[in-house]
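Asker: Please read through the structure below; I'll follow up with questions.
The values are calculated or read from the model by the stated rules, or taken from the named source; none is laboratory data. Model, not experiment: these values are computed from the prediction. Note that each Cβ is placed from the backbone with ideal geometry, even for glycine, and that neighbours are counted across all protein chains shown. SASA here: full protein model, heavy atoms, side chains in, ligands and nucleic acids out. Shrake-Rupley method; radii C 1.70, N 1.55, O 1.52, S 1.80 Å.
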Amino acid sequence: MLKTNVVHLPDIEAKAWRVRFRTRPLETEDRVDTITEPRTVYARWMAEDLRMPPPTIHDDGGKSLAVLWMPPGASTDIEIPWLAGVPMVSTAAGRVVRAGLRTARVVWTDTLAIVYAAPEQLDEALDAVTRFTIAERDTSALEARMSAIWPAIRRDTRLTHTVYARDQWFRKAKVSRVAETVTAMASSALRLEATLEQLDRALQAGSKRLFGELALQAELYDRLEVLGEPIDFALEHYELITSRLLEAQQANGNLKVELAILFVLLCDLGFVAYPYLLG
């Protein structure tokens, strides 16, 4: 059971939590949910004061999410301070997602989520919100990484066709780091696409439907599709650059061997010709 602070209203209870996301297992008496896609995350549910709503845009670096549950009949006085400052649509300051089914409705920002659901649908709704939060934040992070990688792609374009000897010393390490980053991005994109498919048989039907609606309203499907081609291009770009650097390195190695052989032959020739030169 979730430990919560409760506001007593006629036959109804509104509850709030702060969900803290960690990458390592936790030993705690609080509820901890394990999320496996798109990556393994442990979500710890901690009681939150209903009367102390979180900021509307920024949280503690994407490590938590404040969640308010509004069951049928709960006083609107509870949600008003939580919704204060939350725009109706997404802005440059942050994304706002509003999604709903017949059984549940959610208002989500990167800082907070307000869940409107009956008690019997609560667990499924909270599971969907938790999984969606990870998928949305990972997608946003992937978009930011793709934007940040374009300057490196432009900087390294010459290496696709021309490699100088100095590039082995001054560019190879940087290229390797960018190539590793791009590979990790491709892996993340594939896992996010698998997450949207929701193939885990343990997922409940209500959770899958609400997650799908949240993902649809957040345009996760379209955003990942848009990211696909740039990431594929970056992969091919750095595969080609890596091949060019290896070819140049092998060519330089062969040249050194050939020069060494030529030097040995010249020395041998000089040794043979030396007596005749003296005579």
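Asker: Stretched out fully, how many nm does the piece from Thr91 to Leu240 gain, at 0.36 nm a residue minus the Cα gap?
Answerer: Extra length from Thr91 to Leu240 when fully extended: 49.8 nm.
Asker: Could I ask something else about it? By average Cβ neighbour count within 10 Å, what is the ranking of 111-123, 25-37, 225-237 from highest down?
Answerer: 111-123, 225-237, 25-37
Asker: When the chain is fully extended, how far beyond the present Cα-Cα distance does Glu193 get from Lys63, taking 0.36 nm per residue of separation?
Answerer: 44.6 nm
Asker: Here is a follow-up. Considering only the other residues whose Cβ falls under 13 Å of the Cβ of Arg24, what net charge follows from Lys and Arg at +1 and Asp and Glu at -1?
Answerer: With Lys, Arg at +1 and Asp, Glu at -1, the neighbours total +4.
Asker: Okay, next question. For segment 46-166, give the percent of accessible area contributed by carbon and sulfur heavy atoms, probe 1.4 Å, rounded to a whole number.
Answerer: Carbon and sulfur: 57 percent of the exposed surface of segment 46-166.
Asker: With just the Cα atoms defining each centre, how far is segment 61-80 from segment 108-131? Give it in Å.
Answerer: Result: 9 Å between the Cα centres.
Asker: Protein chains only, probe 1.4 Å: how do Ser90, Ser64 rank by accessible area, largest first?
Answerer: Largest to smallest exposure gives the sequence Ser90, Ser64.
Asker: Along the Cα→Cβ direction, 7 angstrom out, place labels at Val226 and Arg31. What is the inter-label distance in nm?
Answerer: Those two pseudo-labels are separated by 3.5 nm.
Asker: I've got another one for you. Please give me the summed charge of the neighbours of Val163: other residues whose Cβ is under 10 Å from its Cβ, Lys and Arg +1, Asp and Glu -1.
Answerer: +3
Asker: Please state, rounded to one decimal and in Å, the Kirkwood hydrodynamic radius that segment 146-244 gives when every pair of distinct Cα atoms enters the mean of 1/r.
Answerer: One decimal place: 15.6 Å for the Kirkwood radius.
Asker: Around Ala234, what is the net charge, scoring Lys/Arg as +1 and Asp/Glu as -1 over all other residues with Cβ under 15 Å from its Cβ?
Answerer: Around Ala234, the charge tally is -2.
Asker: Same structure again: For segment 114-166, what is the accessible area per residue in Å² when the probe is 1.4 Å?
Answerer: 42 Å²
Asker: Within segment 229-244, whose backbone N sits under 14 Å from a point 7 Å along Cα→Cβ of Lys174?
Answerer: From segment 229-244, the list is empty.
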